[in-house]
Amino acid sequence: MGLNLIVLVKQVPDTQNVGGDAMKEDGTVNRAVLPAIFNPEDLHALEAALKVKDANPGSKVHVITMGPPSAVQVLKDSLYRGADFVALISDRKFAGADTLATSYALKCAIEKIGNYDIVFCGRQAIDGDTAQVGPQTAEKLGINQITNVSKIEEIDIKKREIQARRSIEGGYEIIKASFPILLTVTDEGYFPRPPSVIRIMTYKNASAEMTEAGYDESYIDSSIDRISETAINLWDINAISAEVENCGLAGSPTKVKKIESVILKSEDIKMVENTEDSITGMVHELISDHTLG
Amino acid sequence: MSSNNSVMVFIQQDDAKVADVSIELLSKARDLADQLKTSVSGVLIGSGIKGEAEKLIQYGVDEVFIIEDTRLGDYTPMPYTKIMVEIIKKMKPQIVLYGATTTGRDVGPRVASNLKVGLTADCTSLEIGDYSSKEVDYSNILYQIRPAFGGNIVATIVSPEKKPQMATVREGVMKVGTPDSKYKGKITNFEVALSDSDFPSVVIKKIKEEKLVDLKGAQVIVSGGVGVGSKENFGLILKLAHTLGGEVGASRAAVDAGFVSKEHQVGQTGTTVRPKLYIACGISGSIQHRAGMDESARIIAINTDHEAPIFQISNYGIVGDLNDVIPKFIKAFKAKG
Ligand SMILES: Cc1cc2nc3c(=O)[nH]c(=O)nc-3n(C[C@H](O)[C@H](O)[C@H](O)COP(=O)(O)OP(=O)(O)OC[C@H]3O[C@@H](n4cnc5c(N)ncnc54)[C@H](O)[C@@H]3O)c2cc1C
Ligand SMILES: Cc1cc2nc3c(=O)[nH]c(=O)nc-3n(C[C@H](O)[C@H](O)[C@H](O)COP(=O)(O)OP(=O)(O)OC[C@H]3O[C@@H](n4cnc5c(N)ncnc54)[C@H](O)[C@@H]3O)c2cc1C
């Protein structure tokens, strides 16, 4: 008797290694020069799920991402590391989503898989940086959550219970809760396994395929997989039965009004005189460009 | 004044003590409410918290709602969300603020999702202004200003169409207002029916560890090198770091000289850091030191030697004795705003 596990992963621009050319003249992000990577904490979430699977034979790890077609790369990487089933949800109508619209689409995809016990998210994505998608997905599913999980302490399959260590300011707490549950995972307790060479050979040519609408729950219970595991499932707005008014820009109450770059080129070095006036001027500059609060 | 249309603050308590960030937010809420000509309300959820509620009024709070239940002593998401949703539906605040703490960032998103309203994450500044979109003009909208993209950009976010406008706000960025012991506000018990099924999570234990040095998570780092001169004088570095709300770093030579412990070391054999601001005081800028800090968004170097290599990678350079420069820096920052 295994567990049904779902991991939400995001492809992100590598904002942790931003060079001088990462910002365009107009202050917008030049995504073209930033390599797209697997959101770091999502690798830890995937590892947490794979560990649960290792300890509970018969479990299945499903990985879902929402993004443009290029996000297929994080799904392939998930297959290389041990995922059993992957799906890309992609549709122009998802574009411009804030966290509310993102979590709505993810909720629809999770419900399409159905019968889940644990949903794993990263704590936070390194581009939007909100850490809101996990809790909002849990709320939309109507399930409980444990955020900032550094480690799963115990899983009791019979009682359908979990105990997890949750990092808080200056310490941690141990939380006990029942399935189904959503966890957001930090980068503290799990170290992502490397891609397996055999799995790379198996999946390297996997491509996204539209699966027929007849994906039903028999997949979960049946011993025969109806869907080829070499295929990356591609789901559009209809495939996950999402309502268009809740998706993308239309479903997003927050709007970006303005974006300012905080990158300074190093040739911008300013020599500041050792006087009260000059130092005060520098402090004011740092406050007005939000470097200092 | 009624709490209808108020600026509301979710007041966080830990072990029945109000969190600092909540006082900061109440002070900011007062400021916003004055601009909007409305009232400030607070929501305090917990057990044995009435005395704490009374202490909040002096920050200009018109009404504190308290929800007391022994099962609410420790924060857990489900009952707290239920309470916030009910009170927001009843009181119809125009703005709701949460601290961007592990608690605020756990409950805020759930409340926003339930109410289908926007939530801006981890704001460092809040302002009131106008906004136009699709030929609709909105006045007195909350500008929610926040860093994103790993701190590489600052975005101004608005949620003009739906009320309340909600945000989580970073700790330590809003100034605490001057308390006014004569301020008149009231404390109101707010009833929410809770059954055992509203408490699916149990906090089995809570461990507070001794605070370790958190160089990785720091937005501002003030580092000292050999130029600081002595262990005693390193107090100056600590003082600047404390004033700016930052963490303390050091060069290896300063660690080797015993000025400060090894956990503070930045560099190739220490910690690699990428704060928004790195201030190098009395550090020459060896390649091994630079390897650990040259990706900081902004670097300030303070050094007596105008040829010190650290200046080559700095955004601001001050040639001078750190004993003289740092006090001026502290004074300038304290006088801000
Ligand atoms: C500059 C800027 C500022 C923004 N500020 C806000 C804001 O304040 N409020 C707001 O509502 N929106 C905001 N957004 C929009 C937000 O970034 C997007 O909605 C984004 O799709 C999800 O948010 P996140 O990147 O913060 O993810 P987080 O909430 O940080 O992600 C947490 C976890 O959720 C999962 N997850 C997130 N996205 C996906 C996905 N697409 N597919 C699968 N799993 C996923 C992952 O497990 C991830 O680790 C902002 C966007 C930008 C560019
Ligand atoms: C394998 C290896 C690994 C290393 N790893 C690290 C590492 O991880 N981190 C690290 O930091 N180092 C590391 N080092 C050591 C490194 O090479 C330097 O020795 C060290 O960084 C120098 O520290 P410093 O800048 O504090 O001292 P110094 O180089 O002695 O510089 C002191 C500076 O203070 C200035 N000064 C003096 N008095 C004042 C004053 N009153 N006011 C203002 N300025 C003043 C001087 O002009 C000078 O520039 C490593 C070395 C090796 C070989």
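Could you check, for region A:148-160, whether at least one of its residues is touching a residue at least 24 places away in the same chain (Cβ under 8 Å) and farther than 20 Å from A:Ser59 by Cβ? Yes, there is a match, as at least one residue in region A:148-160 is touching a residue at least 24 places away in the same chain (Cβ under 8 Å) and farther than 20 Å from A:Ser59 by Cβ.
Selection of strands (runs of 3 or more DSSP E) fully inside region B:57-154 by the criterion of at least 3 residues being away from every other protein chain (no Cβ under 12 Å) returns B:63-68, B:95-99, B:136-148. Within region A:132-167, the set of residues being assigned to a loop (DSSP other than H, G, I, E, B), open to solvent by less than 20 Å² (accessible area, probe 1.4 Å) and either closer than 14 Å to A:His44 by Cβ or among the hydrophobic types (A, V, I, L, M, F, W, C) (or both) comprises just one member, A:Ile143. A single entry from B:Gly48, B:Gly60 fulfils the requirement of being at positive phi and open to solvent by 10 Å² or more (accessible area, probe 1.4 Å): B:Gly48.
Quick grid of which residues meet (1) crowded, with 20+ Cβ neighbours inside 10 Å; (2) acidic (Asp, Glu):
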| position | (1), (2) |
| --- | --- |
| B:Glu209 | no, yes |
| B:Val213 | no, no |
| B:Gly217 | no, no |
| B:Leu236 | yes, no |
| B:Glu247 | yes, yes |
| B:Ser251 | yes, no |
| B:Phe259 | yes, no |
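Is region B:179-195 home to any residue that is within 16 Å of ligand 2 (Cβ to nearest atom) and without any contact (Cβ under 8 Å) to a residue 40 or more places away in the chain? Within region B:179-195 (the criterion being within 16 Å of ligand 2 (Cβ to nearest atom) and without any contact (Cβ under 8 Å) to a residue 40 or more places away in the chain), the answer is no, since none of the residues qualifies.
Beta carbons closer than 6 Å, at least 6 apart along the sequence or on distinct chains, pair a first residue in region A:1-14 that is part of a strand (DSSP E or B) with a second that is more than 8 Å from ligand 1 (Cβ to nearest atom) and of a type in the set (D, E, K, R) for A:Asn4/A:Lys60; A:Asn4/A:Asp117; A:Pro13/A:Arg31.
Return yes when B:Glu161 is in a loop (DSSP other than H, G, I, E, B), within 7 Å of chain A (Cβ to nearest Cβ) and open to solvent by 80 Å² or more (accessible area, probe 1.4 Å) and no when it is not. Against the criterion (in a loop (DSSP other than H, G, I, E, B), within 7 Å of chain A (Cβ to nearest Cβ) and open to solvent by 80 Å² or more (accessible area, probe 1.4 Å)), B:Glu161 qualifies.
Confirm whether A:Ala109 is more than 24 Å from B:Arg146 (Cα to Cα), more than 14 Å from chain B (Cβ to nearest Cβ), out of contact with any helix residue (DSSP H, G or I) (no Cβ under 9 Å at 6 or more places or on another chain) and surrounded by 24 or more Cβ atoms within 10 Å (Cβ to Cβ). Yes: the conditions hold for A:Ala109.
Scanning region B:252-281 for residues that are more than 16 Å from ligand 1 (Cβ to nearest atom), in a loop (DSSP other than H, G, I, E, B) and within 14 Å of another protein chain (Cβ to nearest Cβ) yields a total of 4.
Could you tell me how many of the residues in region A:182-205 are aliphatic (A, V, I, L, M), more than 28 Å from A:Arg166 (Cβ to Cβ) and surrounded by 14 or more Cβ atoms within 10 Å (Cβ to Cβ)? I'd like the intermediate steps shown before the answer.
Pass one, region A:182-205, residues aliphatic (A, V, I, L, M): A:182-183, A:185, A:197-198, A:200-201.
From the residues that got through so far, the ones that are more than 28 Å from A:Arg166 (Cβ to Cβ) too are A:197-198, A:200-201.
Right, trim to surrounded by 14 or more Cβ atoms within 10 Å (Cβ to Cβ) and you get A:200.
Number satisfying all stated conditions: 1.
Within the set B:Lys134, B:Lys82, B:Lys116, B:Lys89, the sole residue that is open to solvent by 30 Å² or more (accessible area, probe 1.4 Å), without any contact (Cβ under 8 Å) to a residue 12 or more places away in the chain and in the same structural domain as B:Leu194 (by TED's automatic domain parsing) turns out to be B:Lys134.
Run down A:Tyr104, A:Tyr80, A:Tyr116 and say which single residue is more than 14 Å from ligand 1 (Cβ to nearest atom) and either within 10 Å of chain B (Cβ to nearest Cβ) or assigned to a helix (DSSP H, G or I) (or both). It would help to see each step written out before you state the result.
Working: A:Tyr104 fails: more than 14 Å from ligand 1 (Cβ to nearest atom); A:Tyr116 fails: either within 10 Å of chain B (Cβ to nearest Cβ) or assigned to a helix (DSSP H, G or I) (or both).
Going through A:Tyr104, A:Tyr80, A:Tyr116 in turn, the sole match is A:Tyr80.
Looking at the structure I just gave you, is B:Ala218 within 15 Å of ligand 2 (Cβ to nearest atom) and hydrophobic (A, V, I, L, M, F, W, C)?
Details: within 15 Å of ligand 2 (Cβ to nearest atom): no; hydrophobic (A, V, I, L, M, F, W, C): yes.
Answer is no for this residue.
Note on region B:288-307: residues that are open to solvent by less than 10 Å² (accessible area, probe 1.4 Å), at pLDDT 95 or above and near ligand 2 (Cβ under 8 Å from one of its atoms) total 1.
Condition test on A:Ser178, is it out of contact with any Gly (no Cβ under 6 Å at 6 or more places or on another chain), modelled with pLDDT under 95 and of a type in the set (S, T, N, Q)? So A:Ser178 fails the test. Of everything listed in (1) assigned to a loop (DSSP other than H, G, I, E, B); (2) farther than 30 Å from A:Phe179 by Cβ, the single unmet condition for B:Ile237 is (1). Pairs are defined by a Cβ separation below 7 Å, a sequence spacing of at least 6 or placement on different chains, a first member in region B:278-294 that is basic (Lys, Arg), and a second member that is open to solvent by 10 Å² or more (accessible area, probe 1.4 Å) and more than 7 Å from ligand 2 (Cβ to nearest atom); the pairs so defined are B:Arg290/B:Ile313. Just one residue in the set A:Thr202, A:Thr184 is more than 7 Å from chain B (Cβ to nearest Cβ), of a type in the set (S, T, N, Q) and part of a helix (DSSP H, G or I); that residue is A:Thr202. Residue under question is B:Ile310, and the condition is that it be within 14 Å of another protein chain (Cβ to nearest Cβ) and open to solvent by less than 20 Å² (accessible area, probe 1.4 Å); does it hold? Yes; evaluated as a whole, the condition is true for this residue.
The values are calculated or read from the model by the stated rules, or taken from the named source; none is laboratory data. Computed from a prediction, not measured in an experiment: that's the story for all the values here. When we count neighbours, we look across all protein chains shown, and the Cβ atoms used for this are built from the backbone with ideal geometry, even at glycine. Remember, those area values only see protein heavy atoms, side chains included, never the ligands or the DNA or RNA. Shrake-Rupley method; radii C 1.70, N 1.55, O 1.52, S 1.80 Å.
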